[in-house]
Amino acid sequence: MGARTLILAVCVLLLAAVPALATLLGQLYYIDLLRRVMIFAIAAASLNLILGYGGLVSFGHAAYLGVGAYSVGILAFYGVHNGWLQWAVAIAASALVALVIGAISVRTRGIYFIMITLAFTQMLYYLGVSVEEYGGDDGMRLKVKSQFSGLVDLDDPVAFYYLVLALLLVVIYLVHRLVNSRFGMVLRAAKSNEARSRAIGFSPYPYQLVAFVISGAICGLAGALLANQTSYIAPAFMDWTRSGEIMFMVILGGMGTAPGPALGAFALLIVEDLLAGWTQHWQIILGPLLVLCVLFFRRGLAGLLPGGARHG
Amino acid sequence: MRTPVRMLAAVFAAASLVIAPLAAAQQKIKIGFITTLTGPAGIIGKHMKDSVELAMDHLGNKMGGVPVEVIFGDDQFRPDVGVQVTEEMLKKHQVDIMSGIIWSNVMMAVVPVVTGAGKVMVGTNAGASPLAGRACHPQYFSTSWNNDQTPEAMGKYMQEQGINDVYVLAPNYQAGKDMVAGFKRYYKGRIVEEIFTTPGQQDYQAEITQLRAKGPKAAFVFYPGGMGVQFVRQYFQAGLRERIPLYSVFTVDETTLPALKESAIGQWEAKFWSPDLNVPASKRYVADFRKKYGYTPAFYGAQSYDGMMLIDSAVRKNKGSLADTKAVVAAMRKADYDSIRGPFKWNVNQHPIQDFFLLRAEKGGPDGVQMKIQKKVFDDHKDSYYQDCKMAW
Amino acid sequence: MNLILVFEQMLNGLQFGVMLFLMAAGLTLVFGIMNLVNLAHGSLYMVGAYLTVAAVQWTGSYPLGVLLGLIGTLVVGMLVEVIALRTLYERDHLDQVLATFGLILFFNELIAILWGRAALYTSLPTYLQGFIEIIPGSIYPVYRALVIGVGLLVGAVLWYVVAKTRLGMLIRAGASNRIMVAALGVNIRLLYTVVFGFGAALAGLAGLMAGPIYAVQPGMGELILIQVFVVIVIGGIGSIRGAFVGSLIVGMVDTLGRAFLKPLLGAFISPPAAEAAGPALASMLIYLLMALVLAVRPEGLFPAKSG
């Protein structure tokens, strides 16, 4: 376990050194790229909570990216630029949407759950497309980024970078604490054997629903960050293939592990960036790569780390 | 196997891979060109990319005597990816100027990034109305049009023909609503019904049945890309082609004609350009394009070719450099080049003032069916938003 | 007149439903028997459409092209099963969703490389271009009527094969206990490959029937795939009967919603509000329907008996 911790610590230190390195080498682009990657890492970490630990295969996580982003955008549209308020609303609105979606979908199992979460995201997508006030499918621009009364200036790429890094670490830690609490034990127990956990007196439904809501709320935060990263909000955030990508990040990195989603987000987005720079037919490489990962790389990147073996 | 040292080595290897392309001393012009190269809309991107490469052939890969490199980027039809690719071009490839972009939403997300970095954006398709009006910017030029202009032309024509009882159909998204609004700005006759369909819808039999039941005198539609192929084909198969004339914008063009062929014959379209436009620069472009690629270019390509020629004029005026943005803007405003439109005029919002034509799909040409210009509908048409643009020239 | 209109729209709904059924049948068959969620089913639909267009061009004969297209899709399906999907049967749905998502990317790009990104030209032989008068005063395109006929025929054949033949018996047995069937000396691997191939051929059939009406272009499968998933979830996954009923319900609801929802809403709320809400609601209708069905019956209308 020592080596594992060491490597993860080095990774974090490397991440923390990126702005300095990028400035030194005159490659400021990598600050933007890695910030975007870390935002998706937060989204993937939120999905990991229910997917990796709860066994709930949500195929609609892009919905909360959209809800979070639109919360920021709509408030800004009405002249509210206070970041605390915007982000609180983003988290609360995503939690609320997750509560509604979860209340119906958590009752279903397996493929039904996959499809119903997908269906709800499609509904939100079409809602976004048809609401004319907020630009419909054209989306809307976020003219002023979230304001934190001088505490952090999101227009400063480096400050924004460190904020996202800090939030990513906090989210990973929170998820880690949560799954190792009594609540998390029930959640994991329900994943491995639902009948048994019912037999010992736990109905998994409320636990799974709460986890679903927390996951949605965290992903909403990622949405608020993405809105600020892009300075633009559009229904395309909720595209169903994006849900698939977030899911793949979790699997690639190693589901049910703390660092997995972050590793997966890094690997996928960087590989995508490299392949897209190389050939316009990059999807013909990425596709089989996905298949191979699923077939032969079951434990994900986190499984490569020493001490990465997990039970269950 | 899983030693920490190995893992660390892998991490560093990955990091060095990312940092590898170091800035090299450059004595050339770099143009960043963003379009959609993947997915079904990739066909539009192909017309644009091929046209940019043809423009480079015509220019001998040089602008004002300086070698040119065009870097292509794929926005995947997503605004956030568009922004990411733009940042990459500006910061990593350190391009001197940006161009391209098909979609309004990607354009509106990208323009502030480009202007914020002090560079110029030459849009070659997206015609978002805010960018023509209140959000216009000295560093944003368009070699295409404003979204509303084309349907305005069709509206004017149908108004002049005294066509009454028109049935209107468009997808239920922003561009669809803009098109209908533009159409109604000039068409004042009776509209039987306005129908907005689900974006990406494949089957229009239900809508066509409703349309037939209402018995309108004509139909006006906006169905770009695959939706257009589906709608026009199904309209033809429903036997309505001869009974109710179909007028459209951005529905039938050289990207969809090869798929439509006979089912498009008789379709009326409005456009600012067509491959048969009688302008020397345009004729050369179309002829060389057909020779090089073996297919007929659509207006998407023509606009992109035009964009490259516009950039070339600015480089020449500035003696082989794009470093001074103010000087670049001043040079571009002169528009001193052979446009595929013929003489080129800017409006104050840096969108072209241009003619619009009525086209009809007819038998003939190298592909079996071709768009033919029937008459000029608008002379020197200005868009409807330029008055909101407060820009000093 | 109004009644004729409603009748025609119901016919349109039936036709759309039948199209969905051709897709849904293969998907639900593969799920019910191999317990495999195949997102790449839409890719096989695309492959069917492309192969048929190519074969019709090559042979110059429509029926021959259709036959070759069907066989081609069957072969492609079996190849995909042997190369990639076979190992996925024992995995959970998550792995299956992801791997087949990867296949979608692969197939879309492969088709784009082979045929380009532009939509392909497709046409019908002249004998399928006309109209028939189903009831007096209402004409209907022959081709769409043919789609309805083929769909209903496929439904009947499927029911017969699964319920009445030895192959169907093996299929049903394999679905409920594969180890036992294998122990009885049946080559279950081959059986699965054959079933997957037929599922693929059904998707190919849907694709080639869609070719002349829809745009044959890369990514054409995804547009219909999500609707098909709605169908099988509503019907109950794994159940052919459920897929049939689900298809007809979704086809009807979607078509009638698009045709009559706006005027209907206009009777209750102000016309501008109906103008705005009608189309938006019409595009969400089938998803709302699915949420409603699942809220009441979490396993769909006709839950398959075996797990």
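Determine, yes or no, whether C:P212 is within 12 Å of another protein chain (Cβ to nearest Cβ) and not in a helix (DSSP H, G or I). Walk me through how you get there before you give the answer.
Numbers: within 12 Å of another protein chain (Cβ to nearest Cβ): yes; not in a helix (DSSP H, G or I): yes.
Yes, satisfied.
With the requirement that a residue be farther than 16 Å from A:A63 by Cβ, outside any helix (DSSP H, G or I) and within 11 Å of chain B (Cβ to nearest Cβ), what does the range A:224-256 give you?
If the condition is that a residue be farther than 16 Å from A:A63 by Cβ, outside any helix (DSSP H, G or I) and within 11 Å of chain B (Cβ to nearest Cβ), then A:S231, A:Y232 are the ones that fit.
So, B:S99, is that one part of a helix (DSSP H, G or I), away from every other protein chain (no Cβ under 14 Å), under 16 Å from B:D312 (Cα atoms) and hydroxyl-bearing (S, T, Y) or not? Quick ask: steps written out before the conclusion?
Numbers: part of a helix (DSSP H, G or I): no; away from every other protein chain (no Cβ under 14 Å): yes; under 16 Å from B:D312 (Cα atoms): yes; hydroxyl-bearing (S, T, Y): yes.
The answer is no for B:S99.
Take the residues in the range A:91-142 that are touching a residue at least 60 places away in the same chain (Cβ under 8 Å) and assigned to a loop (DSSP other than H, G, I, E, B); name whichever of them is farthest from A:H81 (Cα to Cα).
A:R107
What is the residue count in the range A:67-82 for residues that are touching a strand residue (DSSP E or B) at 6+ places or on another chain (Cβ under 8 Å) and buried (at least 24 other Cβ atoms within 10 Å of the Cβ)?
4
Condition first: closer than 21 Å to C:R91 by Cα, touching a Pro at 6+ places or on another chain (Cβ under 9 Å) and not hydroxyl-bearing (S, T, Y). Now tell me which residues in the range A:89-112 satisfy that. Outline the logic, then answer.
In the first step, residues of the range A:89-112 are kept if they are closer than 21 Å to C:R91 by Cα; the result is A:108-112.
Pick out the ones that are also touching a Pro at 6+ places or on another chain (Cβ under 9 Å) and you get A:108-109, A:112.
Hit for the range A:89-112 is A:R109, nothing else.
Among the listed residues C:F196, C:F229, which satisfies the condition of being under 23 Å from C:L285 (Cα atoms) and either aromatic (F, W, Y) or part of a loop (DSSP other than H, G, I, E, B) (or both)? Outline the logic, then answer.
Working: C:F196 fails: under 23 Å from C:L285 (Cα atoms).
Every option except C:F229 fails the conditions.
Residue by residue through the range A:121-138, note down the ones that are modelled with pLDDT of 90 or more and of a type in the set (F, W, Y). Outline the logic, then answer.
Residues of the range A:121-138 modelled with pLDDT of 90 or more: A:121, A:124-125.
Of everything in the range A:121-138, just one residue is modelled with pLDDT of 90 or more and of a type in the set (F, W, Y), namely A:Y125.
Show the residue pairs meeting these rules: Cβ distance below 8 Å; 6+ apart or different chains; first residue within the range C:263-288 and within 13 Å of A:V129 (Cβ to Cβ) and more than 14 Å from chain A (Cβ to nearest Cβ); second residue surrounded by fewer than 13 Cβ atoms within 10 Å (Cβ to Cβ) and modelled with pLDDT of 80 or more.
That search, which allows pairs on different chains as well, returns nothing.
Looking for something modelled with pLDDT of 85 or more and more than 21 Å from A:G184 (Cβ to Cβ) - is there at least one such residue anywhere in the range A:250-259?
So far as the range A:250-259 goes, yes, one or more of its residues are modelled with pLDDT of 85 or more and more than 21 Å from A:G184 (Cβ to Cβ).
Output the residues belonging to the range C:79-103 that are more than 7 Å from chain A (Cβ to nearest Cβ) and in contact (Cβ under 8 Å) with a residue 60 or more places away in the chain. Walk me through it before giving the result.
Taking the range C:79-103 and keeping what is more than 7 Å from chain A (Cβ to nearest Cβ), we get C:79-83, C:85-86, C:88-92, C:96, C:100.
Result: C:V80, C:E81, C:V82, C:L85, C:R86, C:Y89, C:Q96, C:T100.
Please tell me if A:T117 is closer than 21 Å to A:Y205 by Cβ, away from chain B (no Cβ under 14 Å) and surrounded by fewer than 24 Cβ atoms within 10 Å (Cβ to Cβ). Don't jump to the end; show me each part of the working.
On the way: closer than 21 Å to A:Y205 by Cβ: yes; away from chain B (no Cβ under 14 Å): yes; surrounded by fewer than 24 Cβ atoms within 10 Å (Cβ to Cβ): no.
No.
Taking the conditions exactly as written (more than 7 Å from every other protein chain (Cβ to nearest Cβ), aliphatic (A, V, I, L, M) and surrounded by fewer than 19 Cβ atoms within 10 Å (Cβ to Cβ)), does B:I208 satisfy them or not? Let's see the steps before the verdict.
Numbers: more than 7 Å from every other protein chain (Cβ to nearest Cβ): yes; aliphatic (A, V, I, L, M): yes; surrounded by fewer than 19 Cβ atoms within 10 Å (Cβ to Cβ): no.
No, not satisfied.
Could you list, in sequence order, all residues of the range C:4-45 that are under 29 Å from C:Y121 (Cβ atoms) and touching a strand residue (DSSP E or B) at 6+ places or on another chain (Cβ under 8 Å)?
Looking only at the range C:4-45, we keep the residues that are under 29 Å from C:Y121 (Cβ atoms), and these are C:8, C:11-27, C:39-45.
Once the filter is applied, which keeps residues that are under 29 Å from C:Y121 (Cβ atoms) and touching a strand residue (DSSP E or B) at 6+ places or on another chain (Cβ under 8 Å), the range C:4-45 yields C:E8, C:L11.
Which pairs do you get when a residue that is surrounded by fewer than 23 Cβ atoms within 10 Å (Cβ to Cβ), found in the range C:233-261, comes within reach of a residue that is part of a helix (DSSP H, G or I) and of a type in the set (K, R), reach meaning Cβ atoms under 9 angstrom, with the pair 6+ apart or on two chains?
Short answer, once both residue conditions are applied: none.
Scan the range C:59-78 for residues that are within 20 Å of the chain's Cα centre (by Cα) and among the hydrophobic types (A, V, I, L, M, F, W, C) and jot them down.
C:V66, C:L67, C:L68, C:L70, C:I71, C:L74, C:V75, C:V76, C:M78
Look through A:L221, A:L289, A:L275 and report the one residue that is outside any strand (DSSP E or B) and away from chain C (no Cβ under 14 Å).
Working: A:L289 fails: away from chain C (no Cβ under 14 Å); A:L275 fails: away from chain C (no Cβ under 14 Å).
The unique qualifying residue is A:L221.
Output the number of the condition that B:G133 fails; it satisfies all remaining conditions of (1) free of Cβ contacts under 8 Å to residues at least 60 places away in the same chain; (2) out of contact with any His (no Cβ under 9 Å at 6 or more places or on another chain).
Among (1) free of Cβ contacts under 8 Å to residues at least 60 places away in the same chain; (2) out of contact with any His (no Cβ under 9 Å at 6 or more places or on another chain), B:G133 violates only (1).
Test B:K390 against the criterion of being surrounded by fewer than 18 Cβ atoms within 10 Å (Cβ to Cβ) and in a strand (DSSP E or B), and give yes or no. Can you show your working first?
On the way: surrounded by fewer than 18 Cβ atoms within 10 Å (Cβ to Cβ): yes; in a strand (DSSP E or B): no.
No, not satisfied.
Is it the case, given these coordinates, that B:V114 is within 13 Å of chain A (Cβ to nearest Cβ) and free of Cβ contacts under 8 Å to residues at least 40 places away in the same chain? Please lay out each step first, then the result.
Numbers: within 13 Å of chain A (Cβ to nearest Cβ): yes; free of Cβ contacts under 8 Å to residues at least 40 places away in the same chain: yes.
It is true that B:V114 is within 13 Å of chain A (Cβ to nearest Cβ) and free of Cβ contacts under 8 Å to residues at least 40 places away in the same chain.
Anything in the range A:24-48 that is in a helix (DSSP H, G or I) and without any contact (Cβ under 8 Å) to a residue 40 or more places away in the chain? List them, or say none. Steps first, please.
Initial filter on the range A:24-48 (in a helix (DSSP H, G or I)): A:24-25, A:29-48.
Those that are in a helix (DSSP H, G or I) and without any contact (Cβ under 8 Å) to a residue 40 or more places away in the chain: A:L24, A:L25, A:Y29, A:Y30.
The values are calculated or read from the model by the stated rules, or taken from the named source; none is laboratory data. Treat the numbers as computed from the prediction; the structure is a model and nothing was measured. Note that each Cβ is placed from the backbone with ideal geometry, even for glycine, and that neighbours are counted across all protein chains shown.
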